[in-house]
Amino acid sequence: MGYKISKSPEEWRKQLTPEQYDVCINKGTEMAFTGKYHNTKESGVYRCICCMEELFKSETKFDSGTGWPSFWDAISDERIEYVEDRSYGMLRTEVNCKKCGAHLGHLFDDGPQPTRQRYCINSASLDLAVK
């Protein structure tokens, strides 16, 4: 996919911390319960750490007990790229930022009403703009 924002690995390394680079560019995962937003209750909008695209509202965040920030809906499907992920012998839906391609986390169908979805997102891929 041709992203609206495209940077070389060197450019991303200059912009991101090593952990952010591993998660967003190398499709890594931070350890559960270690991310700065897994237990945050502040109101605001969660943005992509790479391009600042607004992705999730704090009103849709819930405690899934998994150790990662979880949301029951995205601001818009137009801002999210969904990719089939068959790694680790599982079938999952990878969630990326559609504007820059940054890996955010995964989407599962075990969330609360009204969507029954759980966007399981790495804190390292997010920036919270507090209201």
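For the reader, a short list of remarks on this structure follows.
- Residue match in region 19-37 (condition: open to solvent by 100 Å² or more (accessible area, probe 1.4 Å), under 26 Å from Thr60 (Cβ atoms) and without any contact (Cβ under 8 Å) to a residue 40 or more places away in the chain): yes
- When region 1-50 is filtered for residues that are more than 11 Å from Ser125 (Cα to Cα), among the charged types (D, E, K, R) and in contact with a helix residue (DSSP H, G or I) (Cβ under 7 Å, 6 or more places away or on another chain), the ones remaining, listed by number, are Arg13, Glu42.
- Residue match in region 52-69 (condition: more than 15 Å from Tyr119 (Cα to Cα) and either charged (D, E, K, R) or modelled with pLDDT of 95 or more (or both)): yes
- Residues that are at pLDDT 90 or above and either among the aromatic types (Phe, Trp, Tyr) or farther than 17 Å from Ser6 by Cβ (or both), drawn from region 87-103: Arg92, Thr93, Glu94, Val95
- Matching entry among Phe56, Phe62 (being surrounded by fewer than 17 Cβ atoms within 10 Å (Cβ to Cβ) and touching a Pro at 6+ places or on another chain (Cβ under 9 Å)): Phe62
- Note on region 7-17: among residues that are within 18 Å of Met52 (Cα to Cα) and open to solvent by 100 Å² or more (accessible area, probe 1.4 Å), the one that is nearest to the chain's Cα centre (by Cα) is Arg13.
- Of all the numbered requirements in (1) small (Gly, Ala, Ser); (2) at negative phi; (3) in contact with a Phe, Trp or Tyr (Cβ under 6 Å, 6 or more places away or on another chain), Ala102 misses one, and that requirement is (3).
- Restricting attention to region 65-90, the residues that are free of Cβ contacts under 8 Å to residues at least 40 places away in the same chain, open to solvent by less than 50 Å² (accessible area, probe 1.4 Å) and under 12 Å from the mean Cα position of the chain (by Cα) total 1.
- Those residues of region 91-127 which are touching a Pro at 6+ places or on another chain (Cβ under 9 Å) and either surrounded by fewer than 21 Cβ atoms within 10 Å (Cβ to Cβ) or of a type outside the set (Val, Ile, Thr) (or both), in sequence order: Gly105, Arg118, Tyr119, Cys120, Asn122, Ser123, Leu126
The values are calculated or read from the model by the stated rules, or taken from the named source; none is laboratory data. Computed from a predicted structure; not experimentally measured. Here the Cβ is made from the backbone with ideal geometry for all residues, glycine too, and neighbour counts use every protein chain on show. For the accessible areas, the whole protein counts, side chains as well, though only heavy atoms, and no ligand, DNA or RNA atoms are used. Shrake-Rupley method; radii C 1.70, N 1.55, O 1.52, S 1.80 Å.
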